[in-house]
Amino acid sequence: MIGVWTLAYFAVGAAVGFLAGLLGIGGGMTLVPVLAAMFTAQHFAPAHTVHLALGTGMATIVFTSSSSVRAHHRLGGVDWPLVRRLAPWMVAGTLLATTVSGWVPQRVLAIAFAAIVYAGATQILLGRKPAKARGLPGLPALASIGLLFGVVTGLVSAGGAFMTVPFMLFCGVAITTAIGTSAALGVPVAVVGTLGYVFSGWRVADLPPLALGFVYGPALLGIVAGSVLTAPLGARAAHRMPVTTLRRVYAGLLFVLATKMLWAYL
């Protein structure tokens with residue numbers, strides 16, 4: 001049975017890795033409902049299934065985004081000055097959200113996850129661009145936006161691309177640069193977010209063996225093994241083909257997964 005679950009984690013990781021490279025996403029929003037269902041099927045910590053899914057999903061982003069951003073960087077698709085301006089504020093917001101997550105009932109987390117994912121999926125589906133390209137805001141506004149993005153990414157265990165990509169497009173950043181830059185922003189956010197989930201689950205008694213706080217090791221290893229193979233493929237595809245149809249398919253997938261999460265925990 002352990003071997004079957006390992007293969008399942010690997011397959012999920014391969015799919016998420018390709019999406020990470022293609023769309024700049026960390027994969028957390030896709031993974032959380034899937035992991036929650038897999039952990040429930042294995043009868044893991046019924047009161048903390050969502051917490052485990054959020055923590056493990058966040059930890060995988062460290063690796064999927066790192067693999068993705070290397071490929072985007074080689075293709076010239078990362079705006080590093082923007083990463084340096086926005087990342088510290090996103091990290092601060094993520095740390096705040098993930099550190100307190102262990103004290104939030106998982107039903108509340110599930111509702112918050114679904115609501116935020118619905119909003120993000122709607123934005124991705126619509127893919128609206130401004131009639132006239134705008135520039136990036138000044139540091140005070142950028143800091144406030146980064147803090148808000150960080151809190152949201154911490155709540156839904158995501159790298160934040162479902163918010164940062166539309167934001168950058170609104171400011172006139174090219175789509176391939178927005179995707180690569182979002183992947184780069186996802187790395188520090190995921191590192192700090194993972195530490196937050198480890199800390200918040202550190203003293204929880206009924207977690208499964210090989211869990212470090214709310215991060216389940218076997219799932220993390222299987223997903224990472226699959227994702228690092230496919231993330232560079234997705235990044236190359238993003239620079240070679242139109243992504244409008246795939247963005248809409250991904251948005252539809254998010255709607256389905258968020259609805260499944262609500263159905264399971266309401």
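The values are calculated or read from the model by the stated rules, or taken from the named source; none is laboratory data. No experiment lies behind these values; they were computed from the predicted model shown. All Cβ positions, even for glycine, are placed from backbone atoms using ideal geometry, and neighbour counts span all protein chains on display. SASA here: full protein model, heavy atoms, side chains in, ligands and nucleic acids out. Shrake-Rupley method; radii C 1.70, N 1.55, O 1.52, S 1.80 Å.
What is the number of the single condition among (1) assigned to a loop (DSSP other than H, G, I, E, B); (2) touching a Gly at 6+ places or on another chain (Cβ under 8 Å) that LEU233 does not meet? That leaves (1) as the condition not met.
Residues of the range 86-115 that are under 25 Å from ALA178 (Cα atoms), of a type outside the set (A, V, I, L, M) and open to solvent by 30 Å² or more (accessible area, probe 1.4 Å): PRO88, TRP89. How many of the residues in the range 200-222 are of a type in the set (Phe, Trp, Tyr) and modelled with pLDDT of 90 or more? Residues that pass the stated criteria total 2.
Listed by first and then second residue, the pairs with beta-carbon distance under 9 Å, at least 6 apart or on different chains, first residue in the range 36-56 and free of Cβ contacts under 8 Å to residues at least 24 places away in the same chain, second open to solvent by 10 Å² or more (accessible area, probe 1.4 Å) and of a type in the set (Ser, Thr, Tyr), are PRO46/THR40. Would it be correct to say that VAL256 is surrounded by fewer than 18 Cβ atoms within 10 Å (Cβ to Cβ), without any contact (Cβ under 8 Å) to a residue 12 or more places away in the chain and either not polar (S, T, N, Q) or not in a helix (DSSP H, G or I) (or both)? Yes.
Of these, ALA37, ALA45, ALA15, ALA8, which one is closer than 23 Å to PRO105 by Cα, open to solvent by 20 Å² or more (accessible area, probe 1.4 Å) and hydrophobic (A, V, I, L, M, F, W, C)?
Details: ALA45 fails: open to solvent by 20 Å² or more (accessible area, probe 1.4 Å); ALA15 fails: closer than 23 Å to PRO105 by Cα; ALA8 fails: closer than 23 Å to PRO105 by Cα.
Testing whether each residue is closer than 23 Å to PRO105 by Cα, open to solvent by 20 Å² or more (accessible area, probe 1.4 Å) and hydrophobic (A, V, I, L, M, F, W, C) leaves just ALA37.
Within the range 50-63, identify whether any single residue is more than 16 Å from the chain's Cα centre (by Cα) and either of a type in the set (A, V, I, L, M, F, W, C) or on the phi > 0 side of the Ramachandran plot (or both), and answer yes or no.
Filtering the range 50-63 down to residues more than 16 Å from the chain's Cα centre (by Cα) leaves none.
No, the range 50-63 has no match at all.
Hey, among the residues in the range 134-148 that are part of a helix (DSSP H, G or I) and of a type outside the set (Gly, Ala, Ser), which one's least open to solvent (accessible area, probe 1.4 Å)?
First, pick out the residues of the range 134-148 that are part of a helix (DSSP H, G or I): 139-148.
Going one step further and asking which of them are of a type outside the set (Gly, Ala, Ser), we end up with 139-140, 142, 145, 147-148.
On the way: LEU139: 96, PRO140: 105, LEU142: 0, ILE145: 45, LEU147: 69, LEU148: 107 Å².
Applying the filter and picking the extreme gives LEU142.
The residue of the range 159-200 that is farthest from ARG236 (Cα to Cα), among those that are crowded, with 24+ Cβ neighbours inside 10 Å and touching a strand residue (DSSP E or B) at 6+ places or on another chain (Cβ under 9 Å), is TYR197. Does VAL69 fit the bill of being part of a helix (DSSP H, G or I), of a type in the set (A, V, I, L, M) and open to solvent by 30 Å² or more (accessible area, probe 1.4 Å)? No: the conditions fail for VAL69.
Which one of the conditions (1) among the hydroxyl-bearing types (Ser, Thr, Tyr); (2) at pLDDT 85 or above; (3) open to solvent by 50 Å² or more (accessible area, probe 1.4 Å) does THR122 fail to meet, given that it meets all the rest? For THR122, the failing item is (2). Checking PHE63, PHE44 one by one, the residue that is in a helix (DSSP H, G or I), closer than 24 Å to SER200 by Cα and at pLDDT 80 or above is PHE63 and no other. Looking at GLY17, GLY26, just one residue is modelled with pLDDT under 85 and not in a helix (DSSP H, G or I), and that residue is GLY26.
One residue stands out among those in the range 205-215 that are touching a residue at least 60 places away in the same chain (Cβ under 8 Å) and in contact with a strand residue (DSSP E or B) (Cβ under 9 Å, 6 or more places away or on another chain): the one that is most open to solvent (accessible area, probe 1.4 Å), which is LEU207.
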